[in-house]
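Computed from the coordinates by the stated procedures, all read-outs in this text should not be read as laboratory data. Treat the numbers as computed from the prediction; the structure is a model and nothing was measured. Every residue, glycine among them, receives a Cβ derived from its backbone with ideal geometry; neighbour counts consider all protein chains shown.
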């Protein structure tokens with residue numbers, strides 16, 4: 001059974017406190033403030049994954065310098081999944097993680113893949129992961145396994161196609177590669193999809209649904225208009241540390257087929273419309289509660305945001321040397337603040353220390 005909401009919130013508070021003490025404040029309250037330049041006491045900010053300096057109010061996000069930065073998944077779930085991955089010889093099945101933690105198969109697959117990448121890469125990230133997991137166990141927070149929920153073969157094929165095609169591109173992907181990743185036979189792939197293009201379209205739709213679900217959860221959270229926009233900025237320009245980056249890579253594959261395959265054009269237009277609607281909902285809520293004073297009609301501001309964010313995300317995803325994800329997010333935050341009539345520091349707390357180059 002899933003944990004009661006109060007228990008889940010308590011475990012999430014414990015997870016954030018663990019990140020805070022391990023990475024910033026061994027005593028749990030005192031850390032070096034990046035703005036003051038000296039040791040200060042901090043307090044927890046409610047409804048955010050952040051602590052604030054008692055002296056100047058600067059926010060510090062404990063998970064921001066970790067592989068889990070920007071993930072919508074609870075930190076407690078990441079730690080629980082890490083316990084299972086580290087305790088399992090060889091590769092762990094995502095269905096086991098899904099069943100143990102009460103997650104859907106798609107999310108469990110993405111989490112296990114990310115954790116396996118961290119472990120294989122080695123270095124400071126895996127050292128941090130092992131330290132966090134060790135402390136999480138010591139505090140008695142790790143959860144026991146539950147019955148697995150394997151997910152349907154068609155779902156596993158979509159997820160496998162998403163991963164393989166995002167990594168290699170459709171031309172370099174073989175049906176056998178997808179079958180091996182999904183744990184099914186080649187014949188199963190052909191049963192569901194007549195061609196690689198059909199598999200790509202299914203993977204593209206699946207990836208779009210994941211982004212849409214993430215946006216829906218974002219809008220449902222009671223965190224205020226500014227925090228909603230801050231999280232929107234993270235989703236708008238992905239880096240290669242999160243699952244959303246994979247979805248943008250699939251966008252590139254789909255765009256390359258738009259002119260020859262009308263189905264891809266229809267799907268691109270549908271996904272773009274869903275994205276614009278979600279952005280508009282976030283912006284409009286901020287106007288209605290008085291947080292934003294847009295420079296023009298909020299519908300036009302939304303269209304400007306979508307156009308600018310898609311351009312920046314494209315260049316960052318392609319890997320332009322002058323357009324890293326961090327640079328693109330700073331540019332987008334500055335533009336958005338100007339359009340919504342709020343100080344840039346509210347959307348981009350690091351703005352004072354950052355310079356365009």
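Where does the chain land at 222 nm, in deg cm²/dmol rounded to the nearest 500, when only DSSP H runs of n ≥ 4 count, each adding -39500 (n - 2.57), divided by all residues?
Counting only the DSSP helices, I get -20000 deg cm²/dmol.
Looking at the chain as a GNM with Cα springs under 10 Å, which of 260, 35, 49 has the largest mean-square fluctuation?
Its mean-square fluctuation being the largest, the pick is 260.
Could you give the Stokes-Einstein D for region 75-138 in µm² per second, using the C-alpha Kirkwood radius, 25 °C, 0.890 mPa s?
Stokes-Einstein gives a translational diffusion coefficient of 210 µm²/s.
Given the options 17, 25, 307, state which has the largest fluctuation in a GNM of the chain using a 10 Å cut-off (strictly under) for Cα springs.
307
Roughly speaking, what is the stretch gain from residue 198 to residue 38, that is 0.36 nm per residue apart minus the C-alpha to C-alpha distance, in nm to one decimal?
Length gained, residue 198 through residue 38: 51.9 nm.
For region 246-337, what is the relative contact order in percent, using Cα pairs closer than 8 Å and at least 6 residues apart in sequence?
Details: 45 pairs, mean separation 18.9, N = 92.
Computed over region 246-337, the figure is 21 percent.
By how many nm would the segment from residue 273 to residue 345 lengthen if fully extended, with 0.36 nm per residue of separation less the alpha-carbon distance? If you can, show how the numbers build up before the last one.
Working: separation 72, 0.36 × 72 = 25.92 nm, distance 2.95 nm.
Stretched out fully, the residue 273 to residue 345 stretch lengthens by 23.0 nm.
Between 61, 305, 191, where does the largest GNM mean-square fluctuation fall for the chain, given springs only between Cα atoms within less than 10 Å?
Of 61, 305, 191, the Gaussian network model singles out 191 as fluctuating most.
Multiply the residue gap between residue 310 and residue 217 by 0.36 nm, knock off their C-alpha separation, and tell me the result in nm, one decimal place.
Working it through step by step, the gained length comes to 31.4 nm.
Using a Förster distance of 56 Å, how high is the FRET efficiency between residue 190 and residue 54, based on the Cβ-Cβ distance and rounded to 0.05?
That pair, residue 190 with residue 54, gives E of 0.35.
Can you give the FRET efficiency to the nearest 0.05 for residue 259 and residue 300, using r as the Cβ-Cβ distance and R₀ = 41 Å?
0.90
Any idea what the relative contact order of the chain is, in percent, if you count C-alpha pairs under 8 Å spaced at least 6 apart? Could you put the intermediate results ahead of the total?
On the way: 407 pairs, mean separation 43.3, N = 357.
Here the relative contact order equals 12 percent.
From zero up to wherever the largest Cα-Cα distance of region 5-60 sits, split into 10 Å bins and tell me the percent of pairs in each.
25, 53, 19, 3
In terms of the ratio Rg/(2.2 N^0.38 Å) built on C-alpha atoms, what value belongs to region 26-156? Don't skip to the answer; put the middle values down first.
Numbers: Rg = 17.1 Å, N = 131, 2.2 N^0.38 = 14.0 Å.
Dividing the Cα radius of gyration by 2.2 N^0.38 Å gives 1.22.
How would you order 171-178, 203-210, 116-123, 78-85 from highest to lowest mean count of nearby Cβ atoms within 10 Å?
78-85, 203-210, 171-178, 116-123
Relative to the compact-globule scaling 2.2 N^0.38 Å, provide the ratio for the alpha-carbon radius of gyration of region 203-353.
Its radius of gyration relative to the 2.2 N^0.38 Å reference: 1.03.
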